[in-house]
Amino acid sequence: MPAAISVSGRRVECAEDQSILEAFLRAGVWMPNSCNQGTCGTCKLQVLCGDVDHRDSPLETLTADERASGLALACQARPLEDTEVALRGTETGRATHLLRDLTATVVDVEDVAHDTRRVRFGLEEPLAFSAGQYVEVLVPGTSKRRQYSLANTAQEDKVLELHVRRVPGGVASDWLFGPVSVGDRVEVRGPLGDFHVPDMDQDAGEPMVLIGGGTGLAPLLGIARTALERHPDRVMVLYHGVRTEADLYDTDRLTELAGTYPGFSVVTVLSRESAPGHRSGYAPDVFVEDIASARGWSGWLCGSPALVEAGVKAFKRRRMAPRLIHREKFEPADRRGPGA
Ligand code: FES
């Protein structure tokens, strides 16, 4: 049954079978969110009154004790009656883009590395988003949605640029490395996620370090370009970590960016081989070798959970304030975050 849900005085209608998170985002009311799959816990909130169905909330994300104390995952829970909730953090009322359903058309498919493709979709109407957010694509012929970070900037609002790594047997890989062709139409939902550039008035132009593993480069490209356009003199170092030289892509694009913005530099890091022009090792370790202090910097991490966790440690070791550390984890299939 449809029910009303409210937070901080904002009341919205929640359609049948709609999660609390989806209802709020579709109404333009911000809630913290990341994976939208019940795995990260970012959207945990307090139910103040009313009752919810926790649906598929995993016990490892929302324990029995937490349920008993009135906590819920907004991305999973459905209200069973009119319900009031409260966010757990102090931050409320953040601006957000409306979550929307769109039809997108494949306009370009390009092999950029031995197992990586860039797929561009065109939109008939613009989509408002912030660089770094992600969309969910309904894989044609299936009922499965897959999440992909956007590599484009918010100015490029009639295109969705996705970077896709081949996953053997993956339902989206089977399509995107198989029969996909220009002109295919797909259903897309977005934008989602809190991994994005801050609003203009909150961007002080501080130095930034970005570490991306594999296709974790995608949202960092949009974030880097946006942040550099705002503050062309800002110091920014981008580490792209991959296994072998054959996994690297978009190096020309990054080199061009470094030619345009003198404060921007890119470091490519290979974890499984040595090759001229690239560093060897693990990208977070290379950052620690390079940067003596990141106090006052902001940090941006996107990739596997291991890379993100190592990156957080590396940033803290170099004195970056925890509130300036932003992260997006690509979870393995079926415990997924964007780009998995
Ligand atoms: S658990 Fe809800 S957004 Fe991750």
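The values are calculated or read from the model by the stated rules, or taken from the named source; none is laboratory data. Note that this is a predicted model, so its numbers are computed, not measured. As a convention, Cβ positions derive from the backbone with ideal geometry for all residues, glycine included, and neighbour counts pool all protein chains shown. All accessible areas refer to the heavy atoms of the entire protein, side chains included, with ligands and DNA or RNA removed. Shrake-Rupley method; radii C 1.70, N 1.55, O 1.52, S 1.80 Å.
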* Structure fact -> Highest mean packing first, using Cβ neighbours within 10 angstrom, the peptides 11-24, 251-264 sort as 11-24, 251-264
* Structure fact -> Shape call for the range 200-329, from the Cα gyration tensor axes a ≥ b ≥ c (a/c under 1.5 means rounded, otherwise prolate when a/b beats b/c, else oblate), comes out oblate
* Take the Cα coordinates of the chain, assign each an equal point scatterer, and use the Debye formula without solvent to give log10 I(q)/I(0) at q = 0.13 Å⁻¹. => -1.02
* Structure fact -> Applied in sequence order to the range 104-118, the curve 6.51 cos²θ - 1.76 cosθ + 1.60 (Karplus, θ = phi - 60°) yields integer Hz couplings, x standing for Gly and Pro, of 10, 10, 5, 10, 6, 10, 9, 7, 10, 8, 4, 10, 10, 10, 9
* Largest-first ordering by accessible area, 1.4 Å probe, given options Lys144, Lys44, Lys313 -> Lys313, Lys144, Lys44
* To do: Rounded to whole Å and ordered largest first, report the semi-axes of the equivalent ellipsoid of the range 97-223 derived from its Cα gyration tensor (root of 5λ).
  => 25, 17, 12
* the range 65-113-the range 144-183 distance, computed between alpha-carbon centres (Å) -> 21
* To do: About the Cα centre of the chain, how large is the charge dipole given +1 on each Lys and Arg Cβ and -1 on each Asp and Glu Cβ? Please answer in debye to the nearest 20.
  => 800
* To do: Quickly estimate the mean residue ellipticity at 222 nm for the chain, helices only: each DSSP H run with n ≥ 4 gives -39500 (n - 2.57), and the total goes over all residues, rounded to 500.
  => -5000 deg cm²/dmol
* To do: Show the residues, 5+ positions off or on another chain, whose built amide H is closer than 5 Å to the amide H of Val267.
  => Leu238, Tyr239, His240
* Asked: Could you give me the ³J(HN,Hα) list for the range 275-281, computed from phi with Karplus coefficients 6.51, -1.76, 1.60 and θ = phi - 60°, whole Hz, x at Gly and Pro?
  -> 7, x, x, 10, 8, 10, x
